[in-house]
Structures are given as C-alpha cells and as structure tokens.
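Novice: Questions regarding the structure given below will be posed in turn.
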Amino acid sequence: MKIILLTIFLFNYIYAITLTPLYNTIDSKRELKTIFTVENPTNSPVAVKVSIKKLVDTDNNNEQTVDAPNINYYPAQFVLDAKSSKNIRITYLNKSLPKIEEVYRVLATELDINVKDREPEEIPKGIKKAEITMRFSYGGLLFVKDKNAKPDVKIDNFRDLGNGKLEITITNRGTESFLFNQTINKIKAIANGKEYILNEDDIKGAEFRRVLPNKSNRFVLENIKSVSPSAITSLKIE
C-alpha cells in the first residue's frame with residue numbers, strides 16, 4: 001500500500017508546475033521587458049525558485065551558461081498556492097538592444113522536498129530512515145535582439161563516421177541564433193557529381209540544437225541512406 005501511495009504522489013508531483021511561454025523575445029526599443037508565467041495546476045502549494053543565465057555556447061549538445069548582469073527579474077523565489085499562477089517580470093537593463101542576439105535560459109525550479117517511506121516510529125533502532133530528494137526544472141528561452149537580426153549559417157566541416165553516420169559542423173556567422181527546422185531548412189549534398197537532398201529518414205534522430213551567433217556546433221546524422229556519406233564532397237544548408 002505504501003509503495004502504491006508513494007507512486008501516486010510522485011506521479012502527481014512530477015507535473016506540479018508549468019512555465020509559459022517556452023520562447024519569448026525582446027526586440028522592441030520601446031519595451032525592454034517581458035513576462036514569463038509559472039503555473040501550479042495541482043491541489044497543493046509548490047515552492048519555486050527562478051533563475052536566468054546567459055547562454056554562451058551549445059557545442060556538442062552541451063549548454064554553457066554564465067551569470068546575466070544585464071537581466072533583472074522578479075520575483076526570484078516564491079510559493080505558488082494550489083491552482084494559481086505568478087508572472088515573472090523580466091527587464092533588459094541596457095538602454096539599447098544588442099546588435100548581436102543574446103540568448104538567456106529561464107529556469108523555474110521546484111525546491112527540494114523529502115519523501116519519507118515510513119514514519120519515525122516505524123523505523124527500527126539503528127536503521128536510517130529512507131528519504132528521496134527531488135528537484136524538477138522547467139526551462140524556457142529568452143531572446144534579446146534587434147528586429148533585423150538574422151542567422152547566416154553554413155556547413156564548415158563534415159566527416160564520414162561509417163555505418164551511414166555523418167558528423168557535420170554548422171557555423172553561424174550571423175547576428176541571430178539558428179535552430180535547424182526540417183520543415184523549413186534542407187541539407188543538400190553533392191556526391192559523384194549529383195545533387196541530393198537529405199530526406200526525413202536521413203536526418204532522423206539527429207539532436208539539432210541552437211547555434212548561437214559566431215559559434216559552431218557539431219551534429220551527427222545517424223542513418224543516411226539516400227546517398228553514401230563516403231561519396232559526399234560538399235554539403236550546404238538552405
């Protein structure tokens with residue numbers, strides 16, 4: 001019975017809060033501020049901590065962040081009552097928008113709780129009580145940029161990894177970050193004097209992440225079948 005109750009508790013708690021929107025932008029000189037909203041749809045209060053870090057690199061699918069002195073936000077820590085929400089008010093402190101886009105990771109983190117599987121009086125002497133410490137974070141992205149910012153991407157390097165796998169390096173020399181979108185972007189390959197467009201199956205499973213301005217990121221295409229990776233002599237993104 002205790003295992004069942006603990007399972008039900010954990011299942012309900014995993015979905016305790018939400019953060020919306022997942023993506024937000026400040027690109028107006030008149031309004032250097034925006035709002036994220038944390039919501040608690042459950043029947044119990046939840047303690048929340050908010051933090052914002054500047055994203056400085058995503059190479060090899062690893063986010064690197066630093067402190068964000070140009071960003072002010074409030075509140076940073078609070079308790080959300082059941083079935084309630086709270087707005088996080090964010091202000092960009094610089095007087096003008098950056099010419100090169102700045103990307104910030106917004107995190108709403110549920111503060112630690114302890115789940116004990118037995119009451120103290122049920123625990124035999126000499127046996128430590130079992131505790132589970134849980135912390136769940138929900139992340140959004142804030143983009144601060146001039147409205148004319150644009151990405152400028154190309155595939156700088158690529159290499160055949162064997163077994164249909166191809167590693168590519170995407171470099172962004174533009175002023176706005178870039179995230180590969182299969183419905184919009186295409187990867188064209190030249191092999192044996194012919195042009196091929198890599199299809200959905202070719203790039204299926206590739207963990208594309210955002211490429212920041214003036215940065216490069218490596219990705220692995222796991223299952224290329226429409227053309228032999230070893231025969232490819234050039235690649236480009238359109």
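Values in this text are rule-based calculations from the coordinates and carry no lab data. None of the values given here were measured: they were computed from a predicted structure. All Cβ positions, even for glycine, are placed from backbone atoms using ideal geometry, and neighbour counts span all protein chains on display.
Novice: Taking the stated definitions as given, is Val220 within 15 Å of Thr169 (Cβ to Cβ), of a type in the set (A, V, I, L, M) and surrounded by fewer than 19 Cβ atoms within 10 Å (Cβ to Cβ)?
Specialist: Working: within 15 Å of Thr169 (Cβ to Cβ): yes; of a type in the set (A, V, I, L, M): yes; surrounded by fewer than 19 Cβ atoms within 10 Å (Cβ to Cβ): yes.
Answer is yes for this residue.
Novice: Specify the residue that is nearest to Pro21 (Cα to Cα); the eligible residues are those in the range 72-110 that are hydrophobic (A, V, I, L, M, F, W, C) and in contact with a Leu (Cβ under 7 Å, 6 or more places away or on another chain).
Specialist: Val106
Novice: Follow-up question, since we're still on this one. Give the residues of the range 35-64 that are surrounded by 17 or more Cβ atoms within 10 Å (Cβ to Cβ) and either aromatic (Phe, Trp, Tyr) or farther than 24 Å from Ala16 by Cα (or both), sorted by residue number.
Specialist: Answer for the range 35-64, where residues must be surrounded by 17 or more Cβ atoms within 10 Å (Cβ to Cβ) and either aromatic (Phe, Trp, Tyr) or farther than 24 Å from Ala16 by Cα (or both): Phe36, Lys54, Leu55, Thr58.
Novice: Can you name every residue in the range 185-238 that is free of Cβ contacts under 8 Å to residues at least 40 places away in the same chain and among the polar types (S, T, N, Q)?
Specialist: The answer is Asn192, Asn199, Ser226, Ser228.
Novice: Follow-up question, since we're still on this one. Could you look through the range 57-103, keep only residues that are within 30 Å of Val220 (Cβ to Cβ) and β-branched (Val, Ile, Thr), and pick out the one that is farthest from the chain's Cα centre (by Cα)?
Specialist: Among those residues, the one meeting the criterion is Ile100.
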